[in-house]
Amino acid sequence: MSKLPEFPIEGGCACGHVRYTLSAPPALVYTCHCAECQVLSASAFSTNGPVRKDALTVTRGELRSWVRVAKLSGNKIPQHVCPKCGVRVFTEPPGGGPQVTLRLGTLDDTSWIYPGGAIWMAEAQPWVCLPEGMLSYPDQPADFRPMAMAWRAAMELD
């Protein structure tokens, strides 16, 4: 399918105010098709990768943060965006943790990105078609490990 690039890799926002370095690969890659991600990405879905906080370093500019309250769960989800162009670079899980969810479209090179699955397909645009055999979930899965294993297999990491 695809092959991981050599890390570290770089990315940033649309206007170039914010730049970052990612020193390690994500734990997995997946797409989210929920209505909220459609609005936040101004697209049909967002492409996401959970990464270790210590692997993500902002090298230029500063991010502005705001807290989104998820419609269904009520979870408070910190969003980190460029204060100039508004591009969402990453989010934190509710309550914090060792990982953040990087918006992979902000990477300089996205050619290697291949999702291990798709979530919130019940809210997906009707024209979205997934590759045959790709894992998909109607809403938020309780366990992301099957998608992580599928992604690792697609990337030939195991």
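Just one of (i) 1.03; (ii) 0.94; (iii) 1.10 is Rg/Rh (Cα atoms, Kirkwood Rh) as worked out from the coordinates here. Which one is it?
After the calculation, the listed value that fits is (ii).
Mind checking which lysines have their C-alpha under 22 Å from Lys53, skipping anything on the same chain fewer than 8 residues away?
Lys76
Assuming 0.36 nm per residue, please report the length gained on full extension of the stretch Ala35 to Trp112 beyond their Cα-Cα distance. Display every interim value, and only then the final one.
Working: separation 77, 0.36 × 77 = 27.72 nm, distance 2.58 nm.
Full-extension gain reported as 25.1 nm.
Hey, rough spin-label estimate for Arg52 and Val69, points 7 angstrom out along Cα→Cβ, what's it come to in nanometres?
3.6 nm
Placing +1 on the Cβ of each Lys and Arg and -1 on the Cβ of each Asp and Glu in the chain, which of Val128, Pro146, Leu56 has its Cα farthest towards the positive end of the resulting dipole?
Leu56
Return the aspartates and glutamates within reach of Lys84: Cα separation strictly under 20 angstrom, same-chain partners fewer than 8 residues apart disregarded; answer none if there are no such residues.
Glu10, Glu62, Asp108
When only DSSP loop residues count, what chymotrypsin sites (Phe, Trp or Tyr not before Pro) in the range 74-158 have their Cβ near at most 10 other Cβ atoms within 10 Å? Before the final figure, lay out the partial values.
Values: sites: Phe90, Trp112, Trp120, Trp127, Phe144, Trp151; in loops: Trp112, Trp120, Trp127, Phe144.
The qualifying sites are Trp127.
If the reach is capped at under 14 angstrom between alpha carbons, list the aspartates and glutamates near Lys3, excluding any in the same chain fewer than eight residues apart.
The reachable aspartates and glutamates, counting only those whose Cα sits under 14 Å from Lys3, are Asp109, Glu156, Asp158.
Between the range 98-158 and the range 44-63, how many Å separate their Cα centres?
Result: 16 Å between the Cα centres.
Where nothing but the Cβ of Lys and Arg (+1) and of Asp and Glu (-1) is charged, how large is the charge dipole of the chain around its Cα centre, in debye to the nearest 20? Write out the running numbers ahead of the final one.
Details: 14 positive and 14 negative charges, 113 e Å.
Rounded to the nearest 20 debye, it is 540 debye.
Would you compute, from DSSP H runs of 4+ residues alone, the mean residue ellipticity of the chain at 222 nm, taking -39500 (n - 2.57) per run and dividing by the full residue count, rounded to the nearest 500? Mind showing how you got there, number by number?
Numbers: 2 runs with 17 residues, N = 158.
The per-residue figure over the chain is -3000 deg cm²/dmol.
Throughout, read-outs are computed from the coordinates displayed, never taken from laboratory work. Bear in mind the structure is a predicted one, so any value in this text is a computation, not a measurement. All Cβ positions, glycine included, derive from the backbone under ideal geometry; neighbour counts span all protein chains shown.
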